[in-house]
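A quick write-up on the structure given underneath.
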């Protein structure tokens with residue numbers, strides 16, 4: 001189970017979809033390490049059922065400690081760190097494209113999911129989120145954001161619970 005280790009570092013259990021090429025999971029672990037997270041990475045088969053969140057990387061870690069920890073650095077550095085993590089983990093994996101290169105269905109966008117093992121709160125990070133989304137996440141009061149899965153609402157400019 002993810003936790004804090006003796007020296008204050010955060011540990012995470014990271015599941016990587018078998019859609020990744022062999023060895024790519026090391027890049028995911030390295031991206032988390034750059035943000036001070038010690039991780040154990042496992043490759044798992046793709047399982048998709050109706051209504052399930054379609055993730056490529058699922059990281060179970062203490063969200064409050066993780067976001068607070070990177071939030072204590074300069075805001076711009078924290079934003080760049082999170083953005084870099086998402087880019088390294090899923091950046092080159094786009095959902096099905098329609099005409100004009102737009103995703104046909106938003107839910108098909110590959111995501112990196114941060115999940116708190118205690119509260120089960122999930123944060124879905126898409127590869128093309130604006131810098132404002134990361135800045136808002138780092139400074140967010142997670143207890144006020146509700147439960148379930150949070151996604152960034154680009155129109156409202158805030159993190160909101162995913163509608164069922």
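Considering segment 129-152 alone, what residues qualify as being touching a helix residue (DSSP H, G or I) at 6+ places or on another chain (Cβ under 9 Å) and assigned to a loop (DSSP other than H, G, I, E, B)? Listed by number, the residues that qualify are 129, 139, 140.
For residues that are farther than 26 Å from residue 23 by Cβ and surrounded by 15 or more Cβ atoms within 10 Å (Cβ to Cβ), scanning just segment 76-89, find the one that is modelled with the lowest pLDDT.
78
Can you say whether residue 68 is under 16 Å from the mean Cα position of the chain (by Cα), modelled with pLDDT under 85 and surrounded by fewer than 17 Cβ atoms within 10 Å (Cβ to Cβ), as far as the supplied structure shows? Against the criterion (under 16 Å from the mean Cα position of the chain (by Cα), modelled with pLDDT under 85 and surrounded by fewer than 17 Cβ atoms within 10 Å (Cβ to Cβ)), residue 68 qualifies. Can you find a residue in segment 144-163 that is within 18 Å of residue 70 (Cβ to Cβ) and out of contact with any strand residue (DSSP E or B) (no Cβ under 9 Å at 6 or more places or on another chain)? Checking segment 144-163: not a single residue is within 18 Å of residue 70 (Cβ to Cβ) and out of contact with any strand residue (DSSP E or B) (no Cβ under 9 Å at 6 or more places or on another chain).
Conditions (1) closer than 20 Å to residue 32 by Cβ; (2) in contact with a helix residue (DSSP H, G or I) (Cβ under 7 Å, 6 or more places away or on another chain); (3) surrounded by 19 or more Cβ atoms within 10 Å (Cβ to Cβ); (4) at pLDDT below 90, marked per residue:
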position: 91; (1), (2), (3), (4): yes, no, no, yes
position: 94; (1), (2), (3), (4): no, no, no, yes
position: 100; (1), (2), (3), (4): no, no, no, yes
position: 104; (1), (2), (3), (4): no, no, no, yes
position: 110; (1), (2), (3), (4): yes, yes, yes, yes
position: 115; (1), (2), (3), (4): yes, no, yes, no
position: 125; (1), (2), (3), (4): yes, yes, yes, no
position: 154; (1), (2), (3), (4): no, no, no, no
position: 157; (1), (2), (3), (4): no, yes, no, no
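Within segment 29-64, take every residue that is at pLDDT 90 or above and within 12 Å of the chain's Cα centre (by Cα) and give me the one that is farthest from residue 115 (Cα to Cα). Filtering first and then ranking leaves 57.
The values are calculated or read from the model by the stated rules, or taken from the named source; none is laboratory data. This is a predicted model, so every value here is computed, not measured. Please note: Cβ atoms are built from the backbone with ideal geometry, for glycine as well, and neighbour counts cover all protein chains shown.
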